[in-house]
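Each remark here refers to the structure printed beneath this line.
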Amino acid sequence: MLTLAIESSCDETAAAVVENGRRVLSNVIATQVPIHQRYGGVVPEIASRAHLEQIVPVVEQALGDAGVTLDRIDSLAVTRGPGLIGCLLVGVEFAKSLAATRGLPLHAVQHVAGHALSVYIGTETDAWGDPVSEPARHEPYVAMAVSGGHSSLLLVDQDWSIRILGETLDDAVGEAYDKIAKAAGLGYPGGPLVDKLAAEGNPEAYDFPRPMVGKSGCDFSFSGLKTAFAREIERLGGRETLGDRPEVVRDLCASFQAAAVDVLVAKAKLALRENGLRRLAVVGGVACNKGLRAALAKRLPKTQVALPHPAYCTDNAAMIGGAAGLLPFAGGSSLALNATAQLDITAPASAWQH
Ligand code: KG4
Ligand code: ZN
């Protein structure tokens, strides 16, 4: 069973071919990062246009890399939401056209559910270390979905249903990374840059807050941490003065990262403990973070932690093809499908089709 999957919810145009919801035969990502870099963030209108330009070559390359033609494809999958509406529309309308002309079933996937299930895809083994040639070993787990658009703790249950344990009350953690990088005069996207500089700085140089830690519940809040960082820059004399003080920037990044990682690890631990679970999936762009990966290994020694390959952490279509192959779609597919900026992750997959 081969699925051709398409993802266009934000600033990556992506297509992938996935076998049985598990084995990734190709995973093509055309990133728009260089286009949006000069604006310091994603410009929705420009992003939609770039998707329109990229969608055909990206899909062609995904088929080519997988060594198949459209004749071999059994089903299509597409991200329906949440995301930027103009961007989602490009992928959804393209997938619908393909489904209609080829007579193929089309499955709509909720983007964050795609991230949550990204631990089950791979070329040989999945992020749990299990062979992708076998059926997915499925036990309930906590998925920490952390990216530029979302920071959620989810419980993925035995029957693949998803429950929200906690969410951010304000900024997503990746968004906070991007904003503090901007405040410090670093580039875009901020996460990878801050992560790199943090490795060379002193994490104890500045005492940044750990919002929500020690409080009950699994919600996050990153706005206060972001503001504390901006205030510290003001106190140090403003962004302009940082240019010739690289050691200060490194220490600021290291101290910010220490605080953000402390919050993520503390809330992941709480979610696992409160639900009596021993499996944690860390997914989404921020799951690439080296400081977070090291802290999880050190501070959750008894937990089985699944960290997808970085190519499956940032937005990609392989995770959409994976989720489409694994989730039950009672009621089949629908060509009446429309893109939507909001889509309930807790609804059954069959409800995402309309
Ligand atoms: O999942 P993703 O590609 O897109 C969204 O759905 O948002 O995640 C992108 C986000 C950006 O905010 C980026 O700064 C962040 O993930 N990110 C990182 C790292 N790599 C990407 N944040 C922290 N450390 C990283 N190494
Ligand atoms: Zn995402």
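Computed values, structure above
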{"read-out": "Whole-number accessible area per residue in Å² for the chain, which is evaluated in the context of all protein chains at 1.4 Å", "value": "41 Å²"}
{"read-out": "Cα long-axis angle, helix 173-183 against the chain (0 to 90 degrees, to the nearest 10)", "value": "50 degrees"}
{"read-out": "Nearest-20 debye value, region 141-307 charge dipole, Cβ charges on Lys, Arg, Asp, Glu", "value": "540 debye"}
{"read-out": "For region 60-122: Kirkwood Rh in Å [reciprocal of mean 1/r, alpha carbons]", "value": "12.9 Å"}
{"read-out": "Pairs of alpha carbons in region 141-307 whose separation is greater than 22 Å (percent)", "value": "39 percent"}
{"read-out": "Assigned charges on the beta-carbon of Lys, Arg, Asp, Glu; the chain dipole about Cα centre (debye)", "value": "640 debye"}
{"read-out": "³J(HN,Hα) computed for each position of region 195-202 - Karplus, 6.51 cos²θ - 1.76 cosθ + 1.60, integer Hz, glycine/proline x", "value": "4, 5, 5, 4, 5, 9, x, 9"}
{"read-out": "Full-stretch length increase - residue 330, residue 134 - with 0.36 nm per residue and alpha-carbon distance subtracted", "value": "68.3 nm"}
{"read-out": "Per-residue ³J(HN,Hα) for region 282-296, Karplus 6.51 cos²θ - 1.76 cosθ + 1.60, θ = phi - 60°, Hz, x for Gly and Pro", "value": "10, 9, x, x, 5, 5, 6, 4, 5, x, 5, 4, 5, 5, 5"}
{"read-out": "Built amide H within the under 5 Å cut-off of residue 281, gap 5+", "value": "142, 143, 144, 306"}
{"read-out": "Inter-part distance where region 178-237 and region 327-354 are each reduced to a Cα centre, Å", "value": "36 Å"}
{"read-out": "Solution diffusion estimate, µm²/s, Stokes-Einstein, region 12-128, Kirkwood Rh from C-alpha pairs, 20 °C, viscosity 1.002 mPa s", "value": "142 µm²/s"}
{"read-out": "Sequence-distant residues sharing a close amide H with residue 171 (under 5 Å, placed H)", "value": "222, 223"}
{"read-out": "³J(HN,Hα) computed for each position of region 297-306 - Karplus, 6.51 cos²θ - 1.76 cosθ + 1.60, integer Hz, glycine/proline x", "value": "4, 7, 9, 10, x, 9, 9, 7, 9, 9"}
{"read-out": "Positive-end residue, the chain charge dipole about Cα centroid, Cβ charges, pick of 63, 297, 85", "value": "297"}
{"read-out": "In Å, descending, principal axis extents of the Cα set of the chain", "value": "62, 45, 32"}
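The values are calculated or read from the model by the stated rules, or taken from the named source; none is laboratory data. Values in this document were obtained by computation on a predicted structure and should not be read as measured data. Neighbour counts run over all protein chains shown; Cβ positions are idealised from the backbone, glycine included. Only protein heavy atoms, including side chains, enter the accessible area calculation; ligands, DNA and RNA are left aside. Shrake-Rupley method; radii C 1.70, N 1.55, O 1.52, S 1.80 Å.
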